[in-house]
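Each remark here refers to the structure printed beneath this line.
The values are calculated or read from the model by the stated rules, or taken from the named source; none is laboratory data. The structure presented is a predicted model; accordingly, all values stated were derived computationally and were not measured. We place every Cβ from the backbone using ideal geometry, glycine too, and count neighbours over all the protein chains shown. Accessible surface areas use protein heavy atoms only, side chains included; no ligands, DNA or RNA. Shrake-Rupley method; radii C 1.70, N 1.55, O 1.52, S 1.80 Å.
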Amino acid sequence: MRTINPSSAFFYHRARSAFAQGNNLDALAALSKVVEVDPGNAQAHSLLADVSLRLGKKEKALAHYYQCALLCERKNDLSG
């Protein structure tokens, strides 16, 4: 079972809220903090990919989707 870093959870929820409101740069900043303290957070990489797509950064989005897939495959969970 994976332990969730409280700091990571705080910034992830902040990022989801910002993303839902269309505040892509705020979401990007919060997600950068998430992967800094929790690089194995597949959900953060998935959301980073979504934010990157909104910002027109297709290659960055693809890299984050790929990282998400690798992390999910490692834990045998493809739900992202």
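What to note about this one:
- Helices (runs of 4 or more DSSP H) lying entirely in the chain (those with 3 or more residues that are out of contact with any strand residue (DSSP E or B) (no Cβ under 7 Å at 6 or more places or on another chain) and open to solvent by 90 Å² or more (accessible area, probe 1.4 Å)): 6-20, 24-37, 58-74
- Per-region count, the range 6-41, residues in contact (Cβ under 8 Å) with a residue 12 or more places away in the chain, polar (S, T, N, Q) and closer than 15 Å to Leu53 by Cα: 1
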